[in-house]
Every structure is written in structure tokens, then in C-alpha cells.
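Remarks on the structure that follows.
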Amino acid sequence: MPAGLLSALTIALLTLLGLCARYYVHGDFNAIHGLFSLFFSTNLLICYWEACLYLRRDYIETRAAYWRERRRETGRTPAVEFLATRVPVKRILSPTVWADAWATYSMVDESYADRRTFGFTADVANGFFTPVPTLILYGAFTVGFPPAVVAGILAAMLFWQWVYVSSLYWVSFFVAGRQALITKRESLVYVGAPNAFWVLCPAFGLYVAVRLILDGNYSVLGF
């Protein structure tokens, strides 16, 4: 199965799990819950990739050179070529396979082939430290437990760090002048759009967190 399709199916299945669990418990669907089911599911997949970023950091530096040379030879976009690469079933969880996601992204931002940079450190930190609180909030937003105030406090902390770190990455990218090394389309598709989602969705999550704390219940999520 192509890497891109496998990634999309993973996110879709994780999101569907949350939607079905909510319907089973509460008998309804909710747009806000659906949005955060998608966001949390995406973050869980990204966290695995970010763990691979750390575990295969030497390999990524080597593969970055490979993809750079391949782009010169073929004229193809490395990220698209990687997403079209078929992943054998026995290698679905291979860190080496998913490390190539970062090796190809380093064509856009060389930070990910350099462990001394902010981008590398920020993503590795997200990969190792946010999966557990993400799962807790996923469960809380789905079934309404633990108490809303507790969930709200955790959500406020987690969403704020996503807003802050993603914004800071955006700033660091442009301050370093990396946008001058790629096309405007690449800047929009690979940097602008993904980071906008990682800023705007958590920013809305801060509103939800505040409502959970002030209301003392999950009414903002429809129950």
C-alpha cells in the first residue's frame, strides 16, 4: 500500500473510532468533537513519525543527500515520490520506512536533517511527550471523563504549547530565509497549510479548554 494512502487510512480509522465511541456512549455526533477527533488522530500518527525522526536521525541525514541527488536527476518532488512508495505489510511499523518522510521534508526545510536545529528538537519533543496527554484528551472529549475542569486544564496546557511551538517554528523558518530556497507553492503546501492547521485548531482548542474550566461541564462538546 502506498505510504500516503496508508497514512490517510490510519488517521481516518483513528478518527472513526472516536466518532463511533461517542455515538455508542452518547447516541449522537458533534462537529467540535469530530474536528478534535481528526486533530488528535493526526497528532498520534505524527508523534510516531517524530519518534522515528529521533531514532533514525543518522539515517535521515544520509537519506537527505540521496533524495537531493534524486531530485536533481529525475526532477520529481521527493515528498510526492515518498508518499507514492509502496510499504510492505511487514514493514508498516518500521522506523526506517517513516524516517524517509523527514528525509524528503528536509528538501523543504534542512532543519530535519540537522539535529542541532529548533525544528528537529521541537518535533522530537512533541513525538515523545504528547501521545499520552493526546490520548487522555481524546478519551475525555469522547466520553466526558475525567471531570471537565481537569480535562480543561490539561487541554489548555497542551493546546497552548501547540499554538506557541508551531508559531515559533513558522517564525524560525522565515527568519532563517528558508522560503527563498523553495517555490511559493512548496512553501504553501509543505509549510504554510500544515502549520496553519497546527496553530488554528489548537487555538480553537484553547477556547474549548476555557469553556470546560469555566462551565464545569462538557456542554461545549454537546453533552
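Quick notes on this one:
- Label-point separation, Phe128 to Tyr23 (7 Å along Cα→Cβ), nm: 4.0
- Förster radius 41 Å - calculated FRET efficiency between Ser172 and Leu135, Cβ distance, rounded to 0.05: 0.90
- In this structure the chain gives 51 Å² per residue of accessible area when probed at 1.4 Å with all protein chains present.
- C-alpha long axis of helix 131-143 to longest principal axis of the chain, angle in °: 40
- Between the Cα long axis of helix 193-215 and the first principal axis of the chain there is an angle of about 20°, rounded to the nearest 10.
- Angle of helix 57-74 to the longest C-alpha principal axis of the chain, folded into 0 to 90 degrees and rounded to 10: 60°.
- Of the trypsin sites (Lys or Arg not before Pro) in the stretch 33-95, those whose Cβ has at most 12 other Cβ within 10 Å and which sit in DSSP loop: Arg76
- Accessible-area composition of the chain, carbon plus sulfur, in percent [1.4 Å probe]: 69
- Projected area, mean over directions - the stretch 23-179, Cα convex hull, nm²: 11.4
The values are calculated or read from the model by the stated rules, or taken from the named source; none is laboratory data. Keep in mind the model is a prediction, meaning the values are calculated, not measured. Note: ideal-geometry Cβ built from the backbone for every residue, glycine included; neighbour counts use all protein chains shown. With ligands, DNA and RNA removed, areas are computed over all heavy atoms of the protein, side chains included. Shrake-Rupley method; radii C 1.70, N 1.55, O 1.52, S 1.80 Å.
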